[in-house]
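Here's the structure, in structure tokens; my notes come after.
Every number in this text was worked out from the coordinates using simple rules, so none of it is lab data. A quick note: this is a predicted structure, and the numbers were derived from the prediction, not measured. Heads up, the Cβs are rebuilt from the backbone with ideal geometry, glycines too, and the neighbour counts pull from every protein chain shown.
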Amino acid sequence: RKEVEQDPGPFNVPEGATVAFNCTYSNSASQSFFWYRQDCRKEPKLLMSVYSSGNEDGRFTAQLNRASQYISLLIRDSKLSDSATYLCVVFREGKLIFGQGTELSVKP
Amino acid sequence: NAGVTQTPKFRILKIGQSMTLQCTQDMNHNYMYWYRQDPGMGLKLIYYSVGAGITDKGEVPNGYNVSRSTTEDFPLRLELAAPSQTSVYFCASSYRASGSYEQYFGPGTRLTVT
């Protein structure tokens, strides 16, 4: 079993849609949690950190449930520019551990 | 501000050849990392370094070697290239190995071994 697992995707949604990504992690010692964004054939970039209290950055909302070892990312009012692969990432013992990513394609 | 730079961008190797992937950062970061990403997969840690002269293995170190003689540079050496090493290689750096510090990635090196 992978340590970080994400929805397999791809997600194909129209502009303006709301889309949610789910992620689970297996090691309860995981310390910090993130969503990274990776555009096609480019390097990953930090989208946002994820906190237990939930946090929002514009159209993006991230949630963490430590008891269920579950992380989510909600994107509201999707834009064409949101098309990318979203990577769920946990930090444990000094290292980042990446999920396999969920691809999002936003269509006009 | 260059950030993390990697060379080359693309490379085709024949089985058994060797090469060095270069990585340089200009942010004075202590921590540097090498990852590989296979198609449709997440990134896997190959090696990392917590400072000049100190390196350690990650999840998938076999077939690779690293050195860290300066803060800025962290080259990755492939000896006796194999088709299984066909992948995209990303170098990254961070100020510290803490969840509070963002890792910055280079643009990647796309390697094909045939």
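Here is how the numbers come out for the structure above:
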quantity: For chain A, the spread of Cα positions along each principal axis, largest first, Å; calculated: 42, 30, 22
quantity: Cβ-derived FRET efficiency at R0 35 Å, A:GLU15 paired with B:MET27, nearest 0.05; calculated: 0.45
quantity: Rough spin-label spacing in nm, given labels placed 7 Å along Cα→Cβ, for B:THR70 and A:SER52; calculated: 4.4 nm
quantity: Kirkwood Rh in Å, taken over the range A:59-108 so that all alpha-carbon pairs contribute; calculated: 12.6 Å
quantity: Chain A, dipole about Cα centre (Lys/Arg Cβ +1, Asp/Glu Cβ -1), debye to the nearest 20; calculated: 160 debye
quantity: Descending Cα extents along the principal axes, the protein assembly as shown, whole Å; calculated: 48, 39, 34
quantity: Signed unit charges on C-beta, dipole axis of chain B, positive-most listed residue B:PHE10, B:TYR89, B:GLN103; calculated: B:PHE10
quantity: Selected from B:GLN25, B:GLN85, B:GLN17 as most flexible by GNM, with chain B as the system and alpha-carbon contacts under 10 Å; calculated: B:GLN17
quantity: Under 26 Å from the Cα of A:LYS107 - lysines, other chains or at least 8 residues apart; calculated: A:LYS42, A:LYS45, A:LYS79
quantity: For chain B, projected area of the alpha-carbon convex hull averaged over all directions, nm²; calculated: 6.7 nm²
